[in-house]
Amino acid sequence: MIRRGLQKIPRPLVWSQGAEAPWAGREAADKNFSLRFLEKQLLDRTVRIQETSAPPPKRNSAVLIALYEKKDEVTVILTRRTKEMRSHSGEVSFPGGGQEPDEDLWHTAVREANEEVNLNVSLVRRIGELDHLTTISSESRIVPYVAVLSEPPELRPNPAEVAAILEVPLNELLLPGVYREEKWRWPTQDSERRIFFFEIEADTIWGATANLLRQLLLIGLGRTSAGE
């Protein structure tokens, strides 16, 4: 078990370094993010269900990947969960949560963002989805919605759920040394799992959140798949 900030990262005893960043070696000019280009790419792609080793999901949930422009940089809203949360305590994640009865998942994502970081829902415009995935630890099917905000938001954390709000420029995630991969293997499993990480200032983004960020970056850089 390794620690970074408030979170625990359950690395198994058997692991190895994975591949380099899929955008390594690209010219700096090719790494600049454009919301207009990202929206077109999302419109033209087919959403998939990511194959994982997770068991069948017990519940449906959704996250909101909210993007906006600030000083000509595309920025994403993330949260650091409080250490008191029952699952994924202390981890960096997108605003999101479980679906309520008679609620569609898009409204789940927007409602949770409003509850967690006081996001003004009138700013939100949906532009697409990333591939759906199921988490192993919480056995939850996640639908990731991508949205553009009409202006930089004024956010406020809900102290019951959010220890801090992180507003991260996407171009920073493309810098050398920020992204890495590891290959994990447990004694009870025959195959390895690729685990993705982004090392930002004072925090590590990993797990499902890093998986979705990696996918978002690849799509925004013109890669139509998840970058395999």
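Show that you can apply the helix-only estimate: for the chain, add -39,500 (n - 2.57) for every DSSP H stretch of four or more residues, divide by all residues, and state [θ] at 222 nm to the nearest 500.
Result for the chain, helices only: -5500 deg cm²/dmol.
When DSSP assigns beta bridges and you keep just the ones with both residues in the stretch 2-220, what percent turn out antiparallel, to the nearest 5?
In the stretch 2-220, DSSP labels about 80 percent of beta bridges as antiparallel.
Report, as a whole number in µm² per second, the diffusion coefficient that Stokes-Einstein gives for the stretch 86-194 at 37 °C and 0.692 mPa s using the Kirkwood radius over alpha carbon pairs.
200 µm²/s
Between TRP186 and ASN114, what length in nm is gained on full extension when 0.36 nm per residue of separation is reduced by their alpha carbon distance?
The span from TRP186 to ASN114 would gain 22.1 nm if fully extended.
Do me a favour and compute the ellipsoid semi-axes for the chain from its Cα gyration tensor, root of five times each eigenvalue, largest one first, whole Å.
Working from the Cα gyration tensor, I get semi-axes of 24, 22, 18 Å.
Under a point spin-label approximation (7 Å from Cα along Cα-to-Cβ), what is the LEU13-GLN50 distance to one decimal in nm?
Between LEU13 and GLN50, the label points sit 2.8 nm apart.
Quick one: among ILE142, ILE195, ILE49, which has the greatest mean-square fluctuation in a GNM of the chain with alpha-carbon springs under 10 angstrom?
ILE49
Work through the residues other than SER16 whose Cβ is under 15 Å from its Cβ and net out their charges, Lys, Arg +1 and Asp, Glu -1.
Around SER16, the surrounding residues sum to +2.
Between ALA160 and LYS71, what is the label-point separation in nm under the 7 Å Cα-to-beta-carbon projection?
The two pseudo-label positions are separated by 3.5 nm.
Counting Lys and Arg as +1 and Asp and Glu as -1, what is the net charge of the other residues whose Cβ lies under 9 Å from the Cβ of TYR179?
Value of the local net charge: -1.
All of the numbers you see were taken from the coordinates with simple rules; none came from a lab. This structure is a prediction, so every number in the text was calculated from the model and none was measured. All Cβ positions, glycine included, derive from the backbone under ideal geometry; neighbour counts span all protein chains shown.
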